[in-house]
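Undergrad: Okay, here's the structure, questions in a sec.
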Amino acid sequence: MSKLDQPAIIAALKSVLPAPDARVALHEPEFGGNEWTYVKECIDTGWVSSVGKFVDRFEQDLAAYTGTRHAIAVVNGTAALHVCLLLVGVEAGDEVLMPTLTFIATANAISYCGAVPHFVDSDIATLGLDPHKLERHLENIAEVRGDACYNKQTGRRIKAVVPMHTFGHPVDLDALVAVCERYRIALIEDAAESLGSSYKGRHTGNLGRVSALSFNGNKVVTTGGGGAILTNDPELGKLAKHLTTTAKVPHKWSFAHDRIGFNYRLPNINAALGCAQLEQLPGFIEAKRALAKTYAQVFEGIGGVRFFSEPSFARSNYWLNVLLLDRDNAAQRDELLELSNGLGIMTRPAWTLMHRLPMFSVCPRMPSLETAEDIEARLINIPSSAALGAGR
Ligand SMILES: *Cc1c(COP(=O)(O)O)cnc(C)c1O
């Protein structure tokens, strides 16, 4: 057992700061490009709201950057997930598989559909959903009838799985695709944290039938609030745009809507911000990866803790950098959080696991969620803004 060397950890965290006693946030947005110019253009021309050239351009730029055929900009990442679930046919009463270690948005979006989250354990190599454990779990509880998968224990249809690329690190997508094909389950990637991350050379969001991005203020690029749906399926792309724009049938003057749709479109003024941010994204990723490399070096050899590095098949955006305390030191997690936050260095634990939240505690789950519980007990996020890595 290696004793947790708290002074060395604080010194390592301070070594990346611009000044010795600087206060530092977990992830700050950076507006060093054309943000003012594009936002001003929206105000000067009056095109601030739900249509405009920046929405079109932002969608094209996102598709080009991620290598997907279609990107549909929406108001936030949660809305993107909600529509992704509807697009693959999730209905009230279905079950949707998802990691218990994730941000609440994944579980909320499933609930908005009247569906039930079904919690899956994580993989210590990726911090994301473990496809091998999922496969063994399905062998025990699932059966394929016709073209659909059913939970033999609850009788409900298992319609989809929503892996999440945790803190920007991609899950093992090939293994998951194989499980999905075997069990006739639709794959939706929650890529909210992984803009700029690739899996075996392809940008995340390409292997799901549909995927969700977020541009919340703390994400790699921000539109204030915002999100996007990605897909390589032209039909689903068209349907995504339709559903997120009140399902209005295009017409010069008549208001005809052919189903219950959503007012989920991203305003032009937010898209303007997004266009300016995307121009800087390659630079942000370079800086964030340089910061991660520095962290990996300074934490090397410090007792009781290790810096989490990207899985071998991935190139990660290192959205939020991760320290894992040794198991024996997990009890000191909160002490380290107190100490660092007290010094003005913002650090955070992982999210409370979904199966422990009151509204989801009765949901179906794998009998053991031990790896997610292990990660949650000893993970700490450390300052990760691109600015900290610039010029390294
Ligand atoms: C940020 C995030 C979302 C979406 O959040 P919004 O705030 O609605 O944009 C969804 N899932 C995960 C895992 C996230 O981190």
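Undergrad: Which of the residues belonging to the stretch 70-92 are β-branched (Val, Ile, Thr) and part of a helix (DSSP H, G or I)?
TA: Thr78, Val83
Undergrad: What are the pairs with Cβ atoms under 8 angstrom where one residue, in the stretch 292-303, is in contact (Cβ under 8 Å) with a residue 40 or more places away in the chain and farther than 20 Å from Gly391 by Cβ and the other, located anywhere, is among the aliphatic types (A, V, I, L, M) and open to solvent by 20 Å² or more (accessible area, probe 1.4 Å)? Sequence gap at least six, or different chains.
TA: Listed by first residue and then by second, the contacts come to Ile302/Ala8; Gly303/Ala8.
Undergrad: In this structure, is Thr106 assigned to a loop (DSSP other than H, G, I, E, B), under 17 Å from the mean Cα position of the chain (by Cα), within 14 Å of the ligand (Cβ to nearest atom) and not aliphatic (A, V, I, L, M)?
TA: Answer is no for this residue.
Undergrad: Restricting attention to the stretch 43-69, which residues are without any contact (Cβ under 8 Å) to a residue 24 or more places away in the chain and either in a helix (DSSP H, G or I) or outside the structural domain of Thr222 (by TED's automatic domain parsing) (or both)?
TA: Within the stretch 43-69, Asp44, Thr45, Asp56, Gln60, Ala64 meet the criteria.
Undergrad: What about Val162, is it farther than 30 Å from Ala387 by Cβ and within 13 Å of the chain's Cα centre (by Cα)?
TA: The answer is yes for Val162.
Undergrad: Please count how many residues of the stretch 293-349 are assigned to a strand (DSSP E or B), open to solvent by 30 Å² or more (accessible area, probe 1.4 Å) and in contact with a Leu (Cβ under 9 Å, 6 or more places away or on another chain).
TA: Counting residues in the stretch 293-349 that are assigned to a strand (DSSP E or B), open to solvent by 30 Å² or more (accessible area, probe 1.4 Å) and in contact with a Leu (Cβ under 9 Å, 6 or more places away or on another chain) gives 3.
Undergrad: Next question. Only residues that are assigned to a loop (DSSP other than H, G, I, E, B) and within 16 Å of the ligand (Cβ to nearest atom): list them for the stretch 155-178, please.
TA: Listed by number, the residues that qualify are Val162, Pro163, His165, His169, Pro170, Val171.
Residue-wise test of (1) within 16 Å of the ligand (Cβ to nearest atom); (2) open to solvent by 20 Å² or more (accessible area, probe 1.4 Å); (3) of a type in the set (Phe, Trp, Tyr).
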| site | (1), (2), (3) |
| --- | --- |
| Gly227 | yes, no, no |
| Gly237 | no, no, no |
| Thr246 | no, yes, no |
| Phe255 | no, yes, yes |
| Ile260 | no, yes, no |
| Asn270 | yes, yes, no |
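Undergrad: Only one of these is open to solvent by less than 20 Å² (accessible area, probe 1.4 Å), more than 16 Å from the ligand (Cβ to nearest atom) and of a type in the set (Val, Ile, Thr): Val51, Val96, Val16. Name it.
TA: Result: Val16 is the single residue among Val51, Val96, Val16 that is open to solvent by less than 20 Å² (accessible area, probe 1.4 Å), more than 16 Å from the ligand (Cβ to nearest atom) and of a type in the set (Val, Ile, Thr).
Undergrad: Restricting attention to the stretch 179-218, which residues are more than 16 Å from the ligand (Cβ to nearest atom) and in a loop (DSSP other than H, G, I, E, B)?
TA: Passing the criteria: Arg184, Ile185, Lys200, Gly201, Asn206, Leu207, Arg209.
Undergrad: For residues that are buried (at least 19 other Cβ atoms within 10 Å of the Cβ) and either free of Cβ contacts under 8 Å to residues at least 40 places away in the same chain or in a strand (DSSP E or B) (or both), tally how many sit in the stretch 350-364.
TA: 0
Undergrad: Among the residues that make up the stretch 280-292, is at least one of them open to solvent by 10 Å² or more (accessible area, probe 1.4 Å) and either farther than 19 Å from Leu195 by Cβ or assigned to a strand (DSSP E or B) (or both)?
TA: No, every residue in the stretch 280-292 fails to be open to solvent by 10 Å² or more (accessible area, probe 1.4 Å) and either farther than 19 Å from Leu195 by Cβ or assigned to a strand (DSSP E or B) (or both).
Undergrad: Now, a different point. Could you grab me the full set of residues in the stretch 34-47 that are in contact with a helix residue (DSSP H, G or I) (Cβ under 6 Å, 6 or more places away or on another chain) and at pLDDT 95 or above?
TA: Asn34, Glu35, Tyr38, Val39, Cys42
Undergrad: Give the stretch 115-154 a look and list any residue that's open to solvent by 40 Å² or more (accessible area, probe 1.4 Å), touching a residue at least 12 places away in the same chain (Cβ under 8 Å) and in a loop (DSSP other than H, G, I, E, B), or say none.
TA: Matches in the stretch 115-154: Ile124, Ala125, Asp147, Gln153, Thr154.
Undergrad: What are the residue pairs meeting all of these: first residue in the stretch 183-203, first residue at positive phi, second residue part of a strand (DSSP E or B) and at pLDDT 95 or above, Cβ atoms under 7 Å, and 6 or more apart or on different chains?
TA: Note: pairs meeting the criteria are Arg184/Val144; Arg184/Ala148; Arg184/Cys149.
Undergrad: Among the residues of the stretch 71-125, how many are of a type in the set (S, T, N, Q) and out of contact with any strand residue (DSSP E or B) (no Cβ under 8 Å at 6 or more places or on another chain)?
TA: Summing the residues that are of a type in the set (S, T, N, Q) and out of contact with any strand residue (DSSP E or B) (no Cβ under 8 Å at 6 or more places or on another chain) in the stretch 71-125 gives 1.
The values are calculated or read from the model by the stated rules, or taken from the named source; none is laboratory data. These numbers were taken from a predicted model, which means no experiment stands behind them. In this analysis, Cβ positions are derived from the backbone assuming ideal geometry, glycine residues included, and neighbour counts consider all displayed protein chains. Surface accessibility is based on the protein's heavy atoms, side chains included, excluding ligands, DNA and RNA. Shrake-Rupley method; radii C 1.70, N 1.55, O 1.52, S 1.80 Å.
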